[in-house]
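Just so it is clear, none of the values below were taken in a lab; they were calculated from the coordinates. Because the structure is predicted, anything quoted here is derived from the model rather than measured. For neighbour counting, all protein chains shown are included, and Cβ atoms are generated from backbone atoms with ideal geometry for every residue, glycine included.
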Amino acid sequence: MTSYQQQVLALGGIFEAALQVDKLARSGQYSEGPVGCLIQSVIERSPDSTLAVYGGSHHQIRGGLQALEAMLERDTAALQRDALRYSMNLMALERQLDKREDMLEVLGQRLQQAESQINHFGLLHDNVMASLGSAYQDTLSTLRMRIQVHGDMRYLQQPDVANRIRALLLAGIRSARLWRQLGGHRWQLLLSRRKLLEAVSSILNG
């Protein structure tokens, strides 16, 4: 797998998290397969490969890869604006997190606790989502930059929905971190647009 293909997988993870956040905020619903894949990626600390972070296949983040492709193609009809905004915000938020060793340490501890809960309750259990949601709230929510989620207040005011949204934002941060570890930079989305587009197309059509 080329370096650009690995980068677009991580970008696909960011975009998939953003799409699921948008879906939850608007409808109170989410897609179980992609969300399970994203939550698993948060506790996947020493994967064998970039693909292993997402369960060994791009299948569950396919929607995110398609959204990335639409952005790179500048396809305004296919672009989901709120999801795109969340994706860009997640990249910016991760850069702020990277400067905070203390916060990274706290997050590491909280993710270990969440991993124990996953082993006990299962991946998408409400207790796990509450644990990941509070980990996000106690750390990333305190940074200067905040991600404002828009949607239907009937759903946004439900604690379970709010926890799932925060857990997914945490998963988006995980993918943003992976993207940067793979050499990703925001300017690449402009300067290397063609190469990224070729990489995402080869994965989607591969």
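Summary of values
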quantity: Cβ-based charge dipole, segment 1-158, positive-most Cα from 150, 35, 47; calculated: 150
quantity: Stretchable slack from residue 144 to residue 126, in nm (0.36 nm times residue separation minus alpha-carbon distance); calculated: 3.7 nm
quantity: Magnitude of the charge dipole, segment 1-86, Cβ model with Lys/Arg +1 and Asp/Glu -1, debye to 20; calculated: 180 debye
quantity: Label of the coordinate-derived value, Cα extents along the principal axes in Å, listed as [x] 50, 37, 29; [y] 60, 34, 32; [z] 41, 37, 32; calculated: [z]
quantity: Packing-based order for 29-37, 15-23, using average beta carbon neighbours within 10 Å, highest first; calculated: 15-23, 29-37
quantity: Dipole magnitude of segment 18-137 about its Cα centre (Cβ charges: Lys, Arg +1; Asp, Glu -1), debye to nearest 20; calculated: 300 debye
quantity: Centre separation in Å (Cα based) which lies between segment 180-206 and segment 1-57; calculated: 16 Å
quantity: Over the chain: helical MRE at 222 nm, DSSP H runs n ≥ 4 each giving -39500 (n - 2.57), nearest 500; calculated: -23000 deg cm²/dmol
quantity: Test item: Cα-centred dipole of segment 3-205, Lys/Arg +1 and Asp/Glu -1 on Cβ, debye; calculated: 620 debye
